[in-house]
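Q: First the structure, which I've put down as structure tokens, then a few questions once you've had a look.
The values are calculated or read from the model by the stated rules, or taken from the named source; none is laboratory data. Owing to the predicted nature of the structure, the values given are computational and were not obtained by experimental measurement. Here Cβ is always computed from backbone atoms with ideal geometry, including for glycine, and neighbour counts include all displayed protein chains. To get the accessible areas, we keep the full protein, side chains included, count just its heavy atoms, and leave off ligands, DNA and RNA. Shrake-Rupley method; radii C 1.70, N 1.55, O 1.52, S 1.80 Å.
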Amino acid sequence: MMSIVGYFAAILMGTVLGLLGGGGSILAVPIFVYIFEIPAHIASGYSLFVVGLIALFGAIQYERQNLVDSKTAVNFALPALCGVYISRRFIIQSLPEFIIQTSTFQLSKNSLILFTFAIVMISAALSMIRGRSLILEGRSSDKNRHVVLVSFWAFIMGLVTGFVGAGGGFLIIPMLVVLLGIDMKIAIGT
């Protein structure tokens, strides 16, 4: 029965991702963890794969509509992929099963990932609600001068994305909007 619920939830996740250009990972990680009962450190990897594959098809459609900033995509994607690789290959794998364990408290690797996931979701939501540009204030002439800064933040986003298994709709898109002042439709496509 839970498998049927899980597959229905996955279809709903794909619909949300297709309609909004984001949100898949916010739904995918909990679906994998709470419905399919997959450990969070594995579910976060599954989420990266599933949502990344879906996003690839969406990006192709956005490119056809000229809603992708290719230069920004490359400047952001390469360092972000490096961050994801480091996070998945070294950080996640080096964490012990129990981070902290006392007689009254226990923090497992899975709990740490889910707690971090929640903190990142709340932080991204607050940054979008405030809606202010942190660095470039949306001036396109400044974008070219800040490739190193964009690459740095992309790498950090990659580390976080790799750790929590999420990032497109609620991390990378807000980062493109807030950091670079890119229009939301272009950020979604990019």
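Q: Could you grab me the full set of residues in region 102-116 that are more than 26 Å from I173 (Cα to Cα) and open to solvent by less than 50 Å² (accessible area, probe 1.4 Å)? If you could, list the steps in order and put the result at the bottom.
A: At the first step, the residues of region 102-116 found to be more than 26 Å from I173 (Cα to Cα) are 102-109.
The answer is L107, S108, K109.
Q: Hey, among the residues in region 67-99 that are aromatic (F, W, Y) and open to solvent by 60 Å² or more (accessible area, probe 1.4 Å), which one's nearest to M175 (Cα to Cα)? Full working, then the answer.
A: First, the residues of region 67-99 that are aromatic (F, W, Y): 76, 85, 90, 98.
After this cut, where a residue has to be open to solvent by 60 Å² or more (accessible area, probe 1.4 Å) as well, the list is 85, 90, 98.
Numbers: Y85: 19, F90: 24, F98: 32 Å.
Looking at residues that are aromatic (F, W, Y) and open to solvent by 60 Å² or more (accessible area, probe 1.4 Å), I get Y85.
Q: Another question about this same structure. With respect to I119, is the statement that it is out of contact with any Asp or Glu (no Cβ under 9 Å at 6 or more places or on another chain) and open to solvent by 60 Å² or more (accessible area, probe 1.4 Å) true? So that I can check it myself, show each step before the final result.
A: Working: out of contact with any Asp or Glu (no Cβ under 9 Å at 6 or more places or on another chain): yes; open to solvent by 60 Å² or more (accessible area, probe 1.4 Å): yes.
Against the criterion (out of contact with any Asp or Glu (no Cβ under 9 Å at 6 or more places or on another chain) and open to solvent by 60 Å² or more (accessible area, probe 1.4 Å)), I119 qualifies.
Q: For the condition at pLDDT 90 or above and not aliphatic (A, V, I, L, M), what is the one hit in F57, F98, F76?
A: Result: F98 is the single residue among F57, F98, F76 that is at pLDDT 90 or above and not aliphatic (A, V, I, L, M).
Q: Let me ask you something else. Can you tell me which residue in region 23-66 is surrounded by the most Cβ atoms within 10 Å (Cβ to Cβ), limited to those that are among the β-branched types (V, I, T) and touching a Ser or Thr at 6+ places or on another chain (Cβ under 8 Å)?
A: Start the filter on region 23-66 by keeping residues that are among the β-branched types (V, I, T), which leaves 26, 29, 31, 33, 35, 38, 42, 50-51, 54, 60.
Now narrow it down to the ones that are touching a Ser or Thr at 6+ places or on another chain (Cβ under 8 Å): 29, 51.
Details: V29: 25, V51: 27.
Among them, the one singled out is V51.
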